[in-house]
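Take a look at the structure set out below.
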Amino acid sequence: MSDKHPPKHAAEEGSSKAHRAAPAAEETAAVVSVDTAGGAMEPSAVPATAQSGQLPGGPDTLLRKIFTGSGMVSVLAVLLALIIGGLLIASTDKQVATTSTYIFARPTDFLAAVWNAVTRSYIALFQGSVFNPRGNSVAAQFAPFMETLTIATPLITAGLGVALAFRAGLFNIGAQGQIIVAGILAAWVGFALHLPLGLHLLLVLVAGVIGGAFWGGLVGLLKARTGAHEVILTIMFNYIALYFLRYLLNTPAFQRPGETNPISPILDPTAVYPQIFGTQYRLHLGFLLAIAATVLVWWLLNRSTVGFEFRAVGANPKAAQTAGINVSRSTILVMAIAGGLAGMSGVAQVAGTEKVLTDGVAATYGFDAITVALLGRSTPWGTFAAGLLFGAFRAGAVQMQIQTGTPIDIVLVVQSLIVLFIAAPPLVRAVFGLNPRRKKPARAAKFRQAATTGGAA
Amino acid sequence: MSTKLSSPRPGNPQPGDTSNGTGTNVVSAKPVTWRTPVLLTVFGLIALVFFGLLAPHQTASFGISTGEDFFQLPALAVNAFAGGIVLSVLLLGLAAYALFLKTKDRPAPGWLTVTFIVLFVAAFLIWVVGGARTPSISLAGLIAGSVTLAVPLVFGSLSGVLCERVGVVNIAIEGQLLGGAFTAAIVASMTQNPFIGLLAAAVAGAVVSMVLAVFSIKYLVNQIIVGVVLNVLVSGVTGFLFSTVMQEDSDQFNSPPGLDIIEIPVLSSIPIIGPILFRQSLVGYLMYIAVLVVWVGLFKTRWGLRVRAVGEHPQAADTLGINVNATRFWNVTLGGAVAGIGGSFFTLVAIDSFTKEISGGRGFIALAALIFGRWNPIGAFFAALLFGFADNLQSIVTIIGTPVPSQFMAMLPYLVTVLAVAGLVGKSRGPAASGIPYVKG
């Protein structure tokens with residue numbers, strides 16, 4: 001009779017252990033979010049893996065790999081991407097092709113040709129984006145840099161929107177559609193209403209932000225109410241917005257009178273952003289607003305209660321729910337704010353750079369914003385810097401194509417490679433031989449252990 | 001939650017329902033919601049008002065036979081008003097039945113939703129054609145054209161099925177299609193052999209997929225990130241090579257010999273069915289074969305069981321001795337090859353040269369078809385057909401001149417997908433472990 005107890009006790013102990021193990025996982029997530037919120041300015045290792053609550057590897061290990069790899073890895077990733085891009089340029093260069101026919105006779109010719117092809121393109125890229133020494137005046141020499149800032153403006157704000165959603169555990173692929181809807185509303189206010197200076201521009205901005213926030217918030221609402229996956233929703237909403245825009249541009253309300261092409265009237269002069277450094281550059285007020293938005297997002301994420309809730313939801317939605325955070329409300333709100341930020345890009349396009357609404361209003365800014373946010377590791381200032389870098393690529397690529405004939409598409413290749421490499425630091429370290437040595441024996445031991453347990457572990 | 005299983009409601013589908021292959025829609029022990037019946041009612045009312053009461057009193061005629069058929073059927077002529085009323089009453093009847101089932105706490109059965117969609121599309125079609133300037137279209141041509149347009153979508157969504165069933169989200173379908181299209185064009189041009197081009201397209205799709213697999217499985221990078229970035233990468237590389245290589249010498253690099261339409265004698269002359277099933281290119285026939293093979297493979301073979309186990313519960317699969325990550329790697333690669341073949345359709349069948357972004361976002365529609373088809377090859381096939389139908393209808397209505405702007409027709413697939421994921425066709429649930437990397441131990 002008496003030996004009935006020990007087994008029962010053991011079973012109880014076992015089950016309670018299991019119970020303890022489960023909350024432990026949530027605890028760590030909570031600790032992470034509290035830790036990052038309190039004082040430590042380090043970016044929280046939150047999201048991107050929206051549904052990462054159940055990641056077997058533990059959310060923070062993977063996310064740390066994505067977003068908090070060392071700065072060194074970022075630099076090396078950019079370098080590696082540029083090298084591969086360079087190889088692609090060289091592989092299609094005519095001089096390289098000719099010299100490769102006698103590569104064994106005179107290998108130096110071949111190497112020189114490769115070097116020439118690559119450096120010529122990249123120097124043109126630099127001159128087109130930062131500083132052009134051949135300019136007639138100082139103003140002309142810095143014109144490329146101003147162009148970089150102009151192109152970076154929509155990238156930064158849309159990138160901030162994507163980054164903010166990442167931090168709350170949401171994958172916002174919908175910046176493209178949010179820019180379009182914002183552009184529609186902002187442009188309409190800009191050319192259909194005629195208001196005094198100042199008020200008009202303010203209304204344009206407000207209309208655009210509301211448009212983007214509505215389109216983003218709608219996704220958040222559907223996600224919160226029905227559980228539909230935001231990646232699918234945002235992709236679909238992008239297309240719906242695009243076709244809606246194309247429809248509008250063929251209606252009398254939006255089409256420029258006397259025009260058969262789908263293009264809107266030009267916005268009123270009272271409705272456009274003033275150019276900051278005079279009319280010689282396209283750079284407009286939108287850039288300063290982008291800086292302000294960056295500060296705002298930084299404050300929101302790191303200093304406000306709402307931002308804390310966003311990050312908590314991103315780190316572990318279930319734990320956040322348990323802690324009393326309204327996850328649905330957070331989802332809707334973060335998507336609306338993200339949409340509003342992307343909406344600023346739409347305003348920058350119609351009221352700043354283009355001054356008119358076409359169906360190419362969003363160009364590829366919405367998709368580039370994703371890579372910008374990923375490169376910036378979803379931190380506000382990281383996104384800002386990444387936006388500048390990609391803006392430089394975009395601006396420089398135009399010059400590069402004119403000067404050397406290297407197609408603009410090379411920028412897409414380099415951009416996507418950068419993001420891929422940054423997301424996989426072990427690969428970059430392996431390429432540059434930086435992997436810590438002790439890692440290998442450890443891994444071998446792990447394999448051995450797996451072998452001995454027969455995969456049952 | 002296992003606690004709920006202890007008290008199953010009487011009318012709920014039992015796990016045995018999965019035997020028909022649609023393994024994803026086990027809504028075990030979840031309360032029946034009002035969503036589906038209410039949505040059906042709303043759509044029924046929309047149909048009654050717009051397609052019925054507001055329909056034009058014109059006769060819409062649908063040609064059934066083409067000139068090549070061996071017997072001619074008379075064209076189907078329907079009064080748009082009467083047809084709209086009859087169909088919308090039927091739709092409301094179905095909705096009422098769904099409401100009735102809900103009061104008995106039973107979910108609407110699958111056939112009901114499918115019938116509803118078919119009838120709704122028919123009512124819509126009659127309304128669109130009835131309101132046109134020339135109220136006459138060839139139904140045979142419409143359907144045959146839909147199938148043709150659906151070919152890359154079907155391959156793309158099959159790729160998605162293969163990847164997601166094994167637990168890897170494949171956003172890179174677009175990139176795989178584009179890679180396949182490019183490679184098919186360049187290889188077929190250089191070898192002057194479309195079959196080698198087709199093979200090369202499969203290899204290219206597989207290579208794109210391998211990058212996805214390596215980064216998401218070995219380096220544990222978020223699968224959606226890799227997918228999104230891969231689309232950009234493939235678009236960049238193909239665009240770059242198009243500008244530098246293909247445009248320089250398009251005779252040598254961008255004039256692939258096409259795959260001809262193969263007509264099967266006699267059978268291809270059957271009205272309606274003939275052109276769909278027996279008047280296709282090699283890629284078209286491969287599509288039918290691929291759908292069947294993937295379906296049988298996934299649901300009737302040991303391999304398929306393992307694949308689904310890895311996608312639903314990798315830890316359990318691992319415990320039983322299945323190598324989770326290897327299974328994932330090879331399945332994702334296979335998926336890429338399938339999408340690559342779909343990509344070859346653009347350059348070897350539809351158009352005989354490559355241009356930038358030739359896939360034009362169809363990879364994303366394929367993704368939508370996959371979800372709309374509930375991660376099932378057959379379901380994805382019909383969803384892709386529906387999207388191909390919308391695509392084809394869009395170009396036809398522009399020709400016959402209808403009141404519906406073509407942009408709204410183009411918007412339809414995406415709207416339908418939003419409705420689908422938001423719960424019109426019941427809760428669509430993907431494989432449980434989809435998107436989650438597996439780390440042993």
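The values are calculated or read from the model by the stated rules, or taken from the named source; none is laboratory data. In this text the structure is predicted, and so the values were computed from the model without any measurement. Cβ placement follows ideal geometry from the backbone for every residue including glycine, while neighbour counts extend to all protein chains displayed. We work out accessible area using only protein heavy atoms, side chains counted, and drop any ligands, DNA or RNA first. Shrake-Rupley method; radii C 1.70, N 1.55, O 1.52, S 1.80 Å.
Determine which member of the set A:V347, A:V361 is among the aliphatic types (A, V, I, L, M), modelled with pLDDT of 90 or more, in contact with a helix residue (DSSP H, G or I) (Cβ under 9 Å, 6 or more places away or on another chain) and open to solvent by less than 20 Å² (accessible area, probe 1.4 Å).
Step by step, each of A:V347, A:V361 is checked, and only A:V347 is among the aliphatic types (A, V, I, L, M), modelled with pLDDT of 90 or more, in contact with a helix residue (DSSP H, G or I) (Cβ under 9 Å, 6 or more places away or on another chain) and open to solvent by less than 20 Å² (accessible area, probe 1.4 Å).
Tell me, which residue of region A:106-137 that is of a type in the set (F, W, Y) and assigned to a helix (DSSP H, G or I) is nearest to A:G391 (Cα to Cα)?
Only one residue fits best here, namely A:F126.
Would you check which residues across region A:76-95 are facing chain B (nearest Cβ under 10 Å) and either more than 24 Å from the chain's Cα centre (by Cα) or of a type in the set (D, E, K, R) (or both) and list them?
Those that are facing chain B (nearest Cβ under 10 Å) and either more than 24 Å from the chain's Cα centre (by Cα) or of a type in the set (D, E, K, R) (or both): A:L88, A:I89, A:S91, A:T92, A:D93, A:K94.
Just to check your reading of the model, which residue among B:V168, B:V203 is more than 13 Å from chain A (Cβ to nearest Cβ) and either under 18 Å from B:Q252 (Cα atoms) or in a loop (DSSP other than H, G, I, E, B) (or both)?
B:V168
Anything in region A:169-216 that is small (G, A, S) and open to solvent by 10 Å² or more (accessible area, probe 1.4 Å)? List them, or say none.
Listed by number, the residues that qualify are A:A192, A:G198, A:A207, A:A213.
Kindly establish whether A:I240 is modelled with pLDDT of 90 or more, surrounded by fewer than 17 Cβ atoms within 10 Å (Cβ to Cβ) and either farther than 30 Å from A:A143 by Cβ or more than 10 Å from every other protein chain (Cβ to nearest Cβ) (or both).
no
Just give me the residues in region A:219-235 being over 21 Å from B:I171 (Cα atoms) and at the interface with another protein chain (Cβ under 7 Å from one of its Cβ atoms), in sequence order.
Matches in region A:219-235: A:T226 only.
Looking at this structure, is B:V226 within 11 Å of another protein chain (Cβ to nearest Cβ), out of contact with any Phe, Trp or Tyr (no Cβ under 7 Å at 6 or more places or on another chain) and at pLDDT 90 or above?
So B:V226 does not fit the description; no.
Answer with yes or no whether A:T260 is within 14 Å of chain B (Cβ to nearest Cβ), part of a loop (DSSP other than H, G, I, E, B) and open to solvent by 20 Å² or more (accessible area, probe 1.4 Å).
Against the criterion (within 14 Å of chain B (Cβ to nearest Cβ), part of a loop (DSSP other than H, G, I, E, B) and open to solvent by 20 Å² or more (accessible area, probe 1.4 Å)), A:T260 does not qualify.
Do we have any residue at all in region B:139-147 that's in contact (Cβ under 8 Å) with a residue 60 or more places away in the chain, in contact with a Phe, Trp or Tyr (Cβ under 6 Å, 6 or more places away or on another chain) and open to solvent by 20 Å² or more (accessible area, probe 1.4 Å)?
Within region B:139-147, one or more residues are in contact (Cβ under 8 Å) with a residue 60 or more places away in the chain, in contact with a Phe, Trp or Tyr (Cβ under 6 Å, 6 or more places away or on another chain) and open to solvent by 20 Å² or more (accessible area, probe 1.4 Å).
Could you name every one of the helices (runs of 4 or more DSSP H) located completely within region B:295-391 that has at least 2 residues being open to solvent by 10 Å² or more (accessible area, probe 1.4 Å), within 14 Å of chain A (Cβ to nearest Cβ) and closer than 20 Å to B:A181 by Cα?
B:362-372
How about region B:114-130: which of its residues are more than 17 Å from B:T41 (Cα to Cα) and open to solvent by 40 Å² or more (accessible area, probe 1.4 Å)?
Answer for region B:114-130, where residues must be more than 17 Å from B:T41 (Cα to Cα) and open to solvent by 40 Å² or more (accessible area, probe 1.4 Å): just B:W127.
If B:I262 satisfies every condition in (1) open to solvent by 30 Å² or more (accessible area, probe 1.4 Å); (2) out of contact with any Lys or Arg (no Cβ under 9 Å at 6 or more places or on another chain) but one, which is the exception?
Evaluating B:I262 over (1) open to solvent by 30 Å² or more (accessible area, probe 1.4 Å); (2) out of contact with any Lys or Arg (no Cβ under 9 Å at 6 or more places or on another chain) leaves (2) as the failure.
Can you tell me how many residues within region B:406-419 are open to solvent by 40 Å² or more (accessible area, probe 1.4 Å), closer than 22 Å to B:A55 by Cα and facing another protein chain (nearest Cβ under 7 Å)?
Qualifying residue count, region B:406-419: 1.
In the list B:G180, B:G167, B:G156, which residue meets the criterion of being in contact (Cβ under 8 Å) with a residue 40 or more places away in the chain and more than 26 Å from A:N172 (Cβ to Cβ)?
Only one candidate passes the filter, namely B:G180.
If I filter region A:78-105 down to residues being over 26 Å from A:T371 (Cα atoms) and not hydroxyl-bearing (S, T, Y), which single residue comes out as most open to solvent (accessible area, probe 1.4 Å)?
Taking the candidates together, the pick is A:F104.
Would you mind finding the one in A:T322, A:T371, A:T353 that is open to solvent by 10 Å² or more (accessible area, probe 1.4 Å) and either without any contact (Cβ under 8 Å) to a residue 12 or more places away in the chain or in contact with a Gly (Cβ under 9 Å, 6 or more places away or on another chain) (or both)?
A:T353
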